[in-house]
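First comes the structure, then the notes that go with it.
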Amino acid sequence: MKLDMDKLFEGIYAIQKQLGEFQQEMRAEISGVKGEISEIKRDIKSINERLDSIEASLELLANRQFKHETEIEVMKKKFFATI
């Protein structure tokens, strides 16, 4: 009977050891995933900042184009008014 109990405790110890190793692996995996998520968040933030900058540049270009188109229209009107 003592031999059976010893084997039972050895089995329980082996299972506990495997569970502990599994927990360590899962913690490492979770830490890795968290790191990747943080990196992705930084990348998204950087992309959003670049998109905001591009949007601002496009707005500036659109305003300049509108200004030039308006100036051209004024020049046309002056030209045709003198003819």
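Is it the case that segment 16-30 has a residue that's part of a helix (DSSP H, G or I), surrounded by 10 or more Cβ atoms within 10 Å (Cβ to Cβ), over 24 Å from the mean Cα position of the chain (by Cα) and among the small types (Gly, Ala, Ser)? Among the residues of segment 16-30, at least one is part of a helix (DSSP H, G or I), surrounded by 10 or more Cβ atoms within 10 Å (Cβ to Cβ), over 24 Å from the mean Cα position of the chain (by Cα) and among the small types (Gly, Ala, Ser), which makes the answer yes. Restricting Ile72, Ile54 to residues that are among the β-branched types (Val, Ile, Thr), at pLDDT below 95 and surrounded by 10 or more Cβ atoms within 10 Å (Cβ to Cβ) narrows the list to Ile72.
The values are calculated or read from the model by the stated rules, or taken from the named source; none is laboratory data. None of the values given here were measured: they were computed from a predicted structure. For neighbour counting, all protein chains shown are included, and Cβ atoms are generated from backbone atoms with ideal geometry for every residue, glycine included.
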